[in-house]
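Comments concern the structure below.
All of the numbers you see were taken from the coordinates with simple rules; none came from a lab. Everything quoted here is computed from the prediction, not taken from an experiment. Every residue, glycine as well, gets a Cβ built from its backbone with ideal geometry; the counts of neighbours run over all protein chains shown.
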There are 2 protein chains.
Amino acid sequence: MGNCLVAQSGGPTAVINGSLAGVIRGNQLNPVYGKVYGGIHGIEGVLNGRLYDLSDLSGREIDILKQTPSSALGTCRYKLSRGNDADYLRLVEVMDKFDIDVLFYIGGNDSMDTVDALSVWAQKNGLKKRFVGIPKTVDNDLVPMDHCPGFPSAAKLACQVTHATRLDYDAYTRPEVFVLETMGRDAGWLAASCCVTGDVDLIILPEVPYDKDAFLHQVQKKMDETGSCYIVASEGARFASGEYISAGDAVNDGFSHAVLGGAAITLRHTIVDAGIVPRGVVQDLSRAARSSNFCQSAVDIAEAYELGLSAHMRSADPRFTGQVIGLRRADKDGEYNAEYFAAPASEFANHVRQFPTEWILPDYQGITQEAIDYFRPLIQGEPKLIYKDGLPETLVPFNRRPSNI
Amino acid sequence: MGNCLVAQSGGPTAVINGSLAGVIRGNQLNPVYGKVYGGIHGIEGVLNGRLYDLSDLSGREIDILKQTPSSALGTCRYKLSRGNDADYLRLVEVMDKFDIDVLFYIGGNDSMDTVDALSVWAQKNGLKKRFVGIPKTVDNDLVPMDHCPGFPSAAKLACQVTHATRLDYDAYTRPEVFVLETMGRDAGWLAASCCVTGDVDLIILPEVPYDKDAFLHQVQKKMDETGSCYIVASEGARFASGEYISAGDAVNDGFSHAVLGGAAITLRHTIVDAGIVPRGVVQDLSRAARSSNFCQSAVDIAEAYELGLSAHMRSADPRFTGQVIGLRRADKDGEYNAEYFAAPASEFANHVRQFPTEWILPDYQGITQEAIDYFRPLIQGEPKLIYKDGLPETLVPFNRRPSNI
């Protein structure tokens, strides 16, 4: 067999490099491929022939890679559009040049769509190139995953910040509200996970239209009853019209997704303007949550790594293409357990799995016990990090190194 | 000897309960006082007779207390004004009622002023009541401390978030700036500490007037030279006129300090409006940094605890009053070492120790090696936290419990 290529796409996570490490280590344990190349800045860099040879990372480097946050290969928002044969041909040209048989693509639903499109196109054109997807996303919104690597670590950090800032908030007697904002454009998984702590009074998720008057009524009620109101809002919180709460600040990224932020600040203004309390505290948890290598969930890093391993192992079968490795829950004797499966990339692509509305309590009151039971196993365990000078040691990203090929 | 009372004031920190634990444990090791009472919500609660008996916390409870963020007794912004004899007499009345000889007050410079005023007043009026200060503040701005408990843990979290979000930022190719905002109203210690990581391109501290044109010139230069610009701004960043960058959002708290936030958002707007880049990412690290029990510095938690112990031990001397326990650096054989001292509270009160201007590089370029050498030892070491269900275990705050006396 020839070589393989692995690339990362979309927003980074705290464990996305765990999956990368799994592919690299997999090939060290069973050298199915001559070399493991990394694509610099995802498909965008690959199309420009920017590769890095990852084959010979040492065991220690692989350990450090697993605790390095963000995409160590760099990422991109460039989308290989269906029907863009020029890009497809250019990709095959690069793969041919480096004798690459298989591309492992680590990403979210857009990337899984790319895996699907490329494999269909290659088969139709009689090309032996293969494409395998490895899912990741802090948004946890991939169908048909039980949960997505990256999400549990973001949730663990979000829960820790929720609990710590709730204690900070509770230390005061003055009348104010606290509003924590989390990432989550179309799905409220990360915001909802904060409820595991038992510290959240009110929650605003994208799945439930935001009704200003009804919400303010609940804030007033909490203040009247308990003298405090701790609120968590997803960045994707929106009115029934579909307009984001934070619409004022929205601009667009390359995928025509609104770039959000500011729901919490808007909510604070709304509550203060309504005269419920004279002030509010805002904490925004955007990039800090998804790159929280200092708060990795042990479950998450193990699963991200094993997804990479599993993808590498399964790809030894020359018929394996257009597939994505998934995770499903398979509890055993009442204990959390996950099992890995492969399914066509089309099943993962371009769907959004929202937080189930049947898990949402009415009147912004939080989530059901079933939802808490879903989240709790995911945030368990703390990996033993390797520290250097007081901080978790990290690898210099490959996209910031001179080429080694 | 009678009993003692310990209370917390001002903004919480990640290790403020370490000092509380030191006083409680000190009295278990050497029962100088019959009971150790906690004052609920600082002086405000004490004046209302709200106390909690802390004498018999178990060893395990004390371990958990040390990793519980925020003020476990609750805090207040109420200031015992000099000359407010009504408050002073009420305080003595409560102390008499509970047979309390000594009040340990854990707080910042306002609280140290209270310790000074109370001890002077008590001595003048021939009262045997004594007052001892234990410093804390994430702002690190107390004179004559080498550093203030709470600051190192906030700095450790800020450094971890800086490094993780820098890697996240570096994964992209698109032209944008990153702006991290830290706490620090009048002193830029926390913002400056982020430079220890080597990840900060430009920094805006309260100590150096913000010149919009000069700053934008530097942003443009970094973008031209490297294609990226990672900025850290202190919430207290201000123009030469003294006006805060974020002035639009300012309201006032009980001490007439402006309540800040929003410097980073303002900077992003300024940079985008200037046409340097089309977008920017903002991460605000306000409450999450100061309550970061999941990122305590081992140096910090040890020192906070020992300050409490030292205060308790020294207070066994019946002449010990109006004193604050301080920390000075006393490196040994080139290794970091701190020693404890006692000094009159007046030396700690109402001064602000700004980040030294001789440690600041020109043109917003960061800090000197001397400054980095100052910070680095403070963020070393990670305490072994006790986890429960995936989160560091915490005590139920005493201000949220029914009274036990």
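In chain B, helices alone account for a calculated mean residue ellipticity at 222 nm of -10500 deg cm²/dmol, with every DSSP H run of four or more residues adding -39,500 (n - 2.57). Only Cα pairs within less than 10 Å get springs; with that Gaussian network setup on chain A, which residue of A:Lys388, A:Lys212, A:Lys221 has the largest fluctuation? Of A:Lys388, A:Lys212, A:Lys221, the Gaussian network model singles out A:Lys388 as fluctuating most. Note on the protein assembly as shown: antiparallel DSSP beta bridges, both residues inside, total approximately 35 percent of the bridges counted.
Using alpha-carbon pairs under 8 Å, 6+ residues apart, how would you state the relative contact order of the stretch A:151-290 in percent? This gives 32 percent for the stretch A:151-290. Assign one of three labels to the stretch A:34-147, namely rounded, prolate or oblate, based on the Cα gyration tensor with a ≥ b ≥ c the square roots of its eigenvalues; rounded applies when a/c is under 1.5, prolate when it is not and a/b is larger than b/c, and oblate otherwise. Oblate.
Based on DSSP, what percent of beta bridges with both residues in the stretch A:151-290 are antiparallel, to the nearest 5? Taking every DSSP beta bridge within the stretch A:151-290, about 15 percent pair in antiparallel fashion.
Please give the FRET efficiency for B:Met1 paired with B:Asn84, using the beta carbon to beta carbon distance and R0 = 22 Å, rounded to the nearest 0.05. With R0 = 22 Å, the Cβ-Cβ based efficiency is 0.20. If you average the C-alpha positions of the stretch B:180-228 and of the stretch A:295-321 separately, how far apart do those two centres end up, in angstrom? The two parts, judged by their Cα centres, are 40 Å apart. Between the stretch B:43-63 and the stretch B:119-139, how far is it from one alpha carbon centroid to the other, in angstrom? Cα centroid to Cα centroid, the span is 19 Å.
Taking the number of Cβ atoms within 10 Å of each Cβ as an exposure proxy, the fewest-first ranking of A:Thr75, A:Thr173 is A:Thr173, A:Thr75. Each label point was placed 7 Å from the Cα along the Cα-to-Cβ direction; for A:Val352 and A:Glu243 their separation is 1.8 nm. A point 7 Å from Cα along Cα→Cβ stands in for B:Arg400, and the other copies hold the same point at 3.9 nm, listed in rising order. Where a ≥ b ≥ c are the square roots of the eigenvalues of the C-alpha gyration tensor, would you call the stretch B:151-290 rounded, which needs a/c under 1.5, or, failing that, prolate if a/b is larger than b/c, or oblate? Cα axes put the stretch B:151-290 in the oblate bin.
Beta bridges assigned by DSSP with both partners in chain A are antiparallel in approximately 35 percent of cases. Ignoring aspartates and glutamates fewer than eight residues from B:Lys97 along the same chain, the ones with Cα atoms less than 19 angstrom from its Cα are B:Glu44, B:Asp53, B:Asp85, B:Asp87. The alpha-carbon of B:Lys222 sits under 30 angstrom from the alpha-carbons of these lysines, leaving out residues fewer than 8 places away in its chain: A:Lys79, A:Lys388, B:Lys156, B:Lys212. When the square roots of the Cα gyration tensor eigenvalues are ordered a ≥ b ≥ c, the ratio a/c for chain B is 1.5 or more and a/b exceeds b/c, which makes its shape prolate. Charge tally around A:Ser81: other residues with Cβ under 12 Å, Lys/Arg +1 each, Asp/Glu -1 each, net -2.
Placing a label point 7 Å from the Cα of B:Ala214 along the Cα-to-Cβ direction, the distances to the matching points in the other copies come to 5.4 nm, shortest first. Near A:Asp141: Cβ cut-off under 10 Å, other residues only, Lys/Arg at +1 and Asp/Glu at -1. The net charge is 0.
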